[in-house]
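My questions all concern the structure below.
Nothing in this text is a laboratory measurement; each read-out follows from the coordinates by a stated rule. Keep in mind that what you see is a predicted model, and the values were worked out from it rather than measured. Cβ atoms come from the backbone with ideal geometry, glycine included; neighbour counts cover every protein chain shown.
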Amino acid sequence: MQLQDPSSLSLAGQVQSVTVLTIVLAFAGYLVTFMSTRMLARRQDKLRLVNRRLYEFYGPLYVASQAGNIAYRSLLKKQGKTQSEPILDSEMKEWVLWMTTIFMPLNDVREKIIIQKAYLIVEEQMPQCLLDFVTHVVGYKAVLSKWAEGDYSERRSTIGWPPEFDIYVERSYAALKAQQTQLLHSALWRLYHRLTHRKPR
């Protein structure tokens, strides 16, 4: 019976160990790549949704609301008042002008965004302040129709302005901007962006 060379046994064992280690490392590398790819894909989807909510819903809503507030304060300052009510007979002509040329067009923009892009709302349920805003605008449409016929008996919408509306819009916009910044500046996202946007040599 021929005995095997101990050195050949040792060499075979080393080769087997190296093979196993190579397989383990390859599998571990695949696993890491798979998990990081999934994480990056989820982050990219999340960023895409945040961007859509900002660019198509909360961003335009915020800008229109800020413009409306600046215009409203400007009118009050011009009239030397702290609030629009009551609207005096002497102020009616200017009130109609500002309402038809500034406030109502901005209301129409916001109403259109809320109705057409409601699927981008962050909450699962439609916030009450958004519904209240839409009904407020609808009320003003009836008032403006009367004005067009020369009837100025009503000067404001019968449905009052929802005070929570501006707070909601500003808070939601700020929260989404913070979320967008966090997603864009994370180390994982920067690495992904660097790899996918590398210029060919």
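What is the diffusion coefficient of the range 51-184 in µm²/s, taking the Kirkwood radius over Cα pairs and the Stokes-Einstein relation at 20 °C with a viscosity of 1.002 mPa s?
134
Now for a different question. What ranking do 159-168, 129-138 get when scored by the average of other Cβ atoms within 10 Å per residue, highest first?
Ranked by mean Cβ neighbours within 10 Å, highest first: 129-138, 159-168.
Do you know the relative contact order of the range 51-184, to the nearest whole percent, from alpha carbon pairs under 8 angstrom that are 6+ apart?
RCO, the range 51-184: 34 percent.
Next question. I need the peptides 175-181, 49-55, 143-149 ranked by packing, meaning the mean over residues of other C-beta atoms within 10 angstrom, with the highest value on top.
Peptide ranking by packing, descending: 49-55, 175-181, 143-149.
Turning to a different aspect of this structure: Hey, which of these cross-link pairs are over 26 Å Cα-Cα: Lys93/Lys117; Lys78/Lys112; Lys77/Lys112; Lys112/Lys177?
Long pairs (Cα-Cα over 26 Å): Lys93/Lys117; Lys78/Lys112; Lys77/Lys112.
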